[in-house]
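Bear in mind that the values in this text are calculations on the coordinates, not laboratory data. All values derive from a computational prediction rather than experimental measurement. In this analysis, Cβ positions are derived from the backbone assuming ideal geometry, glycine residues included, and neighbour counts consider all displayed protein chains.
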């Protein structure tokens, strides 16, 4: 995820080729990976893919809003 984030700044087209693999990381059990995935998806969001990216982000956020939260 970190490497793809760096590549997004250099050549966004390369990262877009891996868009669906990135989206699939939203379901990973690792919370830090899910957070990095959201950041990367935001960076990947362009006019031609905004609908799919935002839809996936919203679906993810809705799904986690139904989970019990731990006390901080």
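Numerical summary
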quantity: Flag if residue 56 is surrounded by 10 or more Cβ atoms within 10 Å (Cβ to Cβ), part of a loop (DSSP other than H, G, I, E, B) and in contact with a helix residue (DSSP H, G or I) (Cβ under 8 Å, 6 or more places away or on another chain); calculated: no
quantity: Hits in segment 10-51 (condition: in contact (Cβ under 8 Å) with a residue 12 or more places away in the chain, over 20 Å from residue 65 (Cβ atoms) and assigned to a helix (DSSP H, G or I)); calculated: 12, 15, 16, 19, 22, 40, 43, 44
